Amino acid sequence: MTDNAPAPERSTTSFTLSDEWLITREGVEEVLAGSRESTMIDARPAEFWEGKKKHAAASRAGTLEGSLQITHDSWFPGSKSRLTAAGRVLEIAREAGYAPNGQELVSFCNTGHWAATNWFEMSELAGIEGVKLYPESLVGWSNASGALVNGGR
């Protein structure tokens, strides 16, 4: 058996990470202090949001004050491999309590990976402007002694 695959070609494409889609710990502090208008979206399963369970690397359980819960698996109806239709994204977000008002959205979870799914669905599929990802999420927040609600132990 011979390999007839074409030889790879060197790409000249370059990529740059834009911070327009990210929020820092300082940005989250501003939101919680009320000096920055944002809706916080927790992508974790209910037992994390309720403070009944924590990630092994987190110092405490709980969530950020005022956060809505839209679990990352909300976007995979009946399947773990197929994303929901773009038209349903806003409906799912509204069911969780999100009211589109032009306010920035901040997606977080334990370590950023579930939050990335929420970011993608809301920003790229639903076309909601101003969706941010908090990549260090609650592992970083709790280990930096940030305030938590729904447990905080």
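Rule-based calculations on the coordinates, nothing more; no lab input. As the structure is a prediction and not an experimental result, all values here were calculated from the model. Note that each Cβ is placed from the backbone with ideal geometry, even for glycine, and that neighbours are counted across all protein chains shown.
Measuring r between the beta carbons of Asp73 and Gln103 and using R0 = 30 Å, the FRET efficiency lands at 0.75. For the chain, what relative contact order do you get, as a whole percent, if you take Cα pairs closer than 8 Å and at least 6 residues apart? After rounding, I find 30 percent.
Taking the longest Cα principal axis of the chain as reference, the axis of helix 86-95 is set at about 10 degrees.
Rounded to the nearest 20, the Cβ-based charge dipole of the chain about its Cα centre (Lys and Arg +1, Asp and Glu -1) stands at 580 debye.
Each peptide in 122-131, 43-52, 13-22 gets a packing score, the mean of other Cβ atoms within 10 Å over its residues, and the list from highest to lowest is 43-52, 122-131, 13-22. Projecting the Cα atoms of Gly112, Gly130, Ser18 onto the charge dipole of the chain (Cβ charges, centred on the Cα centre) puts Gly112 farthest toward the positive pole. Which of rounded, prolate, oblate describes region 19-143, given a ≥ b ≥ c as roots of the alpha-carbon gyration tensor eigenvalues and a/c under 1.5 marking rounded, otherwise prolate only if a/b is larger than b/c? Oblate, since a/c reaches 1.5 and b/c is not below a/b. Sort out for me the Cα centre separation of region 93-117 from region 23-83, rounded to whole Å. Between the Cα centre of region 93-117 and that of region 23-83, the gap is 8 Å.
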